[in-house]
1. Looking at the stretch 243-260, I want the residues that are in contact (Cβ under 8 Å) with a residue 12 or more places away in the chain and within 11 Å of the ligand (Cβ to nearest atom) and have a partner that is small (Gly, Ala, Ser) and assigned to a loop (DSSP other than H, G, I, E, B) with Cβ atoms under 9 Å, at least 6 apart or on another chain. Which pairs are those?
2. For the stretch 211-228, give me the residue count where each residue is out of contact with any helix residue (DSSP H, G or I) (no Cβ under 8 Å at 6 or more places or on another chain) and in a helix (DSSP H, G or I).
3. Could you say whether any residue in the stretch 132-139 is polar (S, T, N, Q) and more than 16 Å from the ligand (Cβ to nearest atom)?
4. Can you find even one residue in the stretch 67-88 that is closer than 29 Å to Asn255 by Cα, over 17 Å from the mean Cα position of the chain (by Cα), outside any loop (DSSP other than H, G, I, E, B) and away from the ligand (no atom under 16 Å from the Cβ)?
5. Restricting to the stretch 236-258, count the residues that are buried (at least 17 other Cβ atoms within 10 Å of the Cβ) and assigned to a loop (DSSP other than H, G, I, E, B).
6. Within the stretch 62-75, identify whether any single residue is surrounded by 16 or more Cβ atoms within 10 Å (Cβ to Cβ) and within 30 Å of Ser153 (Cα to Cα), and answer yes or no.
7. Under 7 Å by Cβ, and 6 or more places apart or on different chains, what pairs join a residue from the stretch 10-24 that is within 17 Å of Leu108 (Cβ to Cβ) and charged (D, E, K, R) with one that is open to solvent by 30 Å² or more (accessible area, probe 1.4 Å) and more than 6 Å from the ligand (Cβ to nearest atom)?
8. Anything in the stretch 1-56 that is among the hydroxyl-bearing types (Ser, Thr, Tyr), within 12 Å of the ligand (Cβ to nearest atom) and either crowded, with 17+ Cβ neighbours inside 10 Å or not in a helix (DSSP H, G or I) (or both)? List them, or say none.
Amino acid sequence: MIKKAVIPAAGLGTRFLPATKAQPKEMLPIIDTPAIQYVVQEAIDSGIDDILIISGKGKRAIEDHFDRHTELEAVLENKDSRNLYNEVRRIGDMVNIHYIRQKETNGLGDAIYYAKQHVGNEPFAVLLGDTVIDSVIPVTQQLIDVYDQYQNSVIGTEMVSMDRVSRYGIIEGQKTSDRIWNVTDLVEKPEKDKSPSNLAIASRYILTPEIFKTLEKTKAGKNNEIQLTDALRLLLKRENIVAYVIDGKRYDIGNKLDYLKTIVEFGLKRREFSGEFLSFLKDIIANQSEAT
Ligand code: UTP
C-alpha cells in the first residue's frame, strides 16, 4: 500500500524569471488554480493520505495556500459566496501536508533525500510540483497499480519526438508489454543521434526506500546538482526498475511556452467561458492570417 507522497517544490524556477523571483513557480495559476493544487489533488485521488512538500526560500505561499484562512472564510460566508467558501474551506482541509525546507537548491535528488526520515522504510510516490497531468485515471494511481504488480521502482514516462530528447532524462530498455519497459539504463539529456530511445522521464515516480542509500552515494552531476536520474542509475545495480508509459497529457508549467499552451487548453475546457474564448482565439488567428 503506497500512502505517502513527496512533492519537490524547492527549485529556483530560473526558466520563469522574473515571475518566480518572489513567488514559487509551483503557485503559478492555471486560470484560477495554482499548479501545485492539481498535483496535490492527483495524489489524493490516487489514495495518498500523507504528503511531504519539499519547500525552500521564497516558497511560503505554498504553505499559506494549503492552510485554513479563517478571515477570508468569514468574509465569503457573509457574502453568500457559497461555492467560493466551500472551495477555500476544502483546500485548507485537503489532506495531511507536511513541509521540510531544502536548505540549498542542490538538485532534485538532494530535494528527495530530505524525505528520508519522513518516508521511512516504505515505497513512496514522487510528483514534481511544477507538472500537471490531465488523465482519466490519476497518473500516480496508474503507477501504484504497476508497482503493485512488479514490486519495483516505477518511472512514469512519455514518448517524445526525437527532436525533444535532449531536454529530458531518457530510458534505455526493452519493452516487455503494453506501456511497460524493463529499464537497463538512464541517460540525462542525450543528443538526438545518441539517444537510446524517445521514452522520456515524465515527472512521476514510485520509489523504493533503497533510493535513499543510492542518493547518499550520488555525486553532483549536471549543473553541479544531485540528479535523481544518477541515483536511479545506481539503484539499477541493486534492483530492477520498470518504466511505464503514462496514460495522460502532461503540462510542464516550468517553462514559459508550455505554460502558455496549458492556460489556453485549460481555458478551452472551462465550460463557463469556452465558447467566448474559442471565438476570441479564432478571431486572433484569422487576423494573423490576414496580416501575413
Ligand atoms: P526543475 O528541474 O524544473 O528545476 O525542477 P528548477 O530549478 O525548479 O527550475 P529551473 O530549471 O531553474 O527553471 C523540477 C522540480 O523539482 C523541484 C522544483 O521545485 C520542481 O518542482 N526542485 C528542483 C527542488 O525541489 N529542489 C531542487 O534543488 C531542484
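1. Gly254/Gly11; Gly254/Gly13; Lys256/Ala19
2. Pass one, the stretch 211-228, residues out of contact with any helix residue (DSSP H, G or I) (no Cβ under 8 Å at 6 or more places or on another chain): 213, 220, 222-224.
From what is left, the residues that are in a helix (DSSP H, G or I) are 213, 222-224.
Looking only at that region, the number is 4.
3. Keep residues of the stretch 132-139 that are polar (S, T, N, Q), which gives 135.
Next, only the ones that are more than 16 Å from the ligand (Cβ to nearest atom) stay: 135.
The answer is yes, given that some residue of the stretch 132-139 is polar (S, T, N, Q) and more than 16 Å from the ligand (Cβ to nearest atom).
4. Looking only at the stretch 67-88, we keep the residues that are closer than 29 Å to Asn255 by Cα, and these are 67, 87-88.
Then drop every residue that is not over 17 Å from the mean Cα position of the chain (by Cα), which leaves 67, 87-88.
From the residues that got through so far, the ones that are outside any loop (DSSP other than H, G, I, E, B) too are 87-88.
Right, trim to away from the ligand (no atom under 16 Å from the Cβ) and you get 87-88.
Yes, the stretch 67-88 contains a residue that is closer than 29 Å to Asn255 by Cα, over 17 Å from the mean Cα position of the chain (by Cα), outside any loop (DSSP other than H, G, I, E, B) and away from the ligand (no atom under 16 Å from the Cβ).
5. Here the count works out to 4.
6. Among the residues of the stretch 62-75, at least one is surrounded by 16 or more Cβ atoms within 10 Å (Cβ to Cβ) and within 30 Å of Ser153 (Cα to Cα), which makes the answer yes.
7. From the stretch 10-24, the pairs are Arg15/Asn255.
8. Step one: filter the stretch 1-56 for residues among the hydroxyl-bearing types (Ser, Thr, Tyr), giving 14, 20, 33, 38, 46, 55.
Filter once more, so that each one left must be within 12 Å of the ligand (Cβ to nearest atom): 14, 20, 55.
Within the stretch 1-56, Thr20, Ser55 meet the criteria.
The values are calculated or read from the model by the stated rules, or taken from the named source; none is laboratory data. What you see is a predicted model, and the numbers here were worked out from it, not measured in a lab. Using ideal geometry, Cβ is built from the backbone for each residue, glycine included, and neighbour counts are taken over all protein chains shown. Accessible surface areas use protein heavy atoms only, side chains included; no ligands, DNA or RNA. Shrake-Rupley method; radii C 1.70, N 1.55, O 1.52, S 1.80 Å.
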